[in-house]
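Single-structure report; data block below.
The values are calculated or read from the model by the stated rules, or taken from the named source; none is laboratory data. This structure is a prediction, so every number in the text was calculated from the model and none was measured. Cβ: placed from backbone, ideal geometry, glycine included. Neighbour counts: every protein chain shown.
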Amino acid sequence: MPYKNKEYQKQYVKEWKVNRRIKFLKGNSFLKKSLAPTVKPTLLDIVWAAGIYEGEGSCNHYRLYVGQKDRWILDKLRNLFGGSVSCQLCKSGIYNWTLSGARGRGLAMTIYSFLSPRRKEQVRKMW
């Protein structure tokens, strides 16, 4: 694309970089409103989530996962802590709740004291 002059080209490139950065930040899960929690969790909810994660959860690459056939459990986790619920193995009816980024780290540190030594080690390695 031909530019009118060098100053115009510099300004265009600068604006393009700023707009690209804003789009990148909006794409991250910590800014997506659709992945935000809808209910404020109580202490009982946090302990419940620690138990679910202890029994059914896993973590890797800065993400927390919980897989279940009972979707209501994952929907409750999503409402309390955010994240997303997707169909992992649709034919088998297995759903997966995923929480990543700042929310994932926050939940991992919140439930950390309720986890077994094995799970604590997994969380330490992940972060």
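Evaluate the stretch 64-72: report whether one residue or more is closer than 15 Å to S100 by Cβ, among the basic types (K, R), assigned by TED's automatic domain parsing to the domain that holds R119 and modelled with pLDDT under 95.
Just the residues of the stretch 64-72 that are closer than 15 Å to S100 by Cβ, to begin with: 64-66.
Keeping just the survivors that are among the basic types (K, R) gives none.
No, the stretch 64-72 has no match at all.
Can you work out which of the residues in the stretch 74-88 that are of a type outside the set (S, T, Y) and more than 22 Å from L43 (Cα to Cα) is modelled with the highest pLDDT?
Quick first cut of the stretch 74-88, residues of a type outside the set (S, T, Y) only: 74-83, 85, 87-88.
Retained after the next criterion (residues that are more than 22 Å from L43 (Cα to Cα)): 85, 87-88.
On the way: V85: 89, C87: 83, Q88: 69.
Looking at the filtered set, the residue picked out is V85.
Could you list, in sequence order, the residues of the stretch 36-46 that are surrounded by 13 or more Cβ atoms within 10 Å (Cβ to Cβ), within 17 Å of I111 (Cα to Cα) and hydrophobic (A, V, I, L, M, F, W, C)? Even if it seems obvious, please write down each step before you answer.
The initial filter retains those residues of the stretch 36-46 that are surrounded by 13 or more Cβ atoms within 10 Å (Cβ to Cβ), namely 36-37, 41, 45-46.
Narrowing further to those that are within 17 Å of I111 (Cα to Cα): 37, 41, 45-46.
Of everything in the stretch 36-46, just one residue is surrounded by 13 or more Cβ atoms within 10 Å (Cβ to Cβ), within 17 Å of I111 (Cα to Cα) and hydrophobic (A, V, I, L, M, F, W, C), namely I46.
List pairs: first in the stretch 55-69 and at positive phi, second small (G, A, S) and surrounded by 21 or more Cβ atoms within 10 Å (Cβ to Cβ), Cβ under 9 Å, 6+ apart or cross-chain?
Between residues of the stretch 55-69 that are at positive phi and residues that are small (G, A, S) and surrounded by 21 or more Cβ atoms within 10 Å (Cβ to Cβ), the close pairs are Y62/G104.
Please report, ordered by residue number, the strands (runs of 3 or more DSSP E) entirely within the stretch 59-127 with at least 3 residues that are of a type outside the set (K, R), under 15 Å from the mean Cα position of the chain (by Cα) and surrounded by 14 or more Cβ atoms within 10 Å (Cβ to Cβ).
Fully inside the stretch 59-127 and qualifying: 63-68, 94-100.
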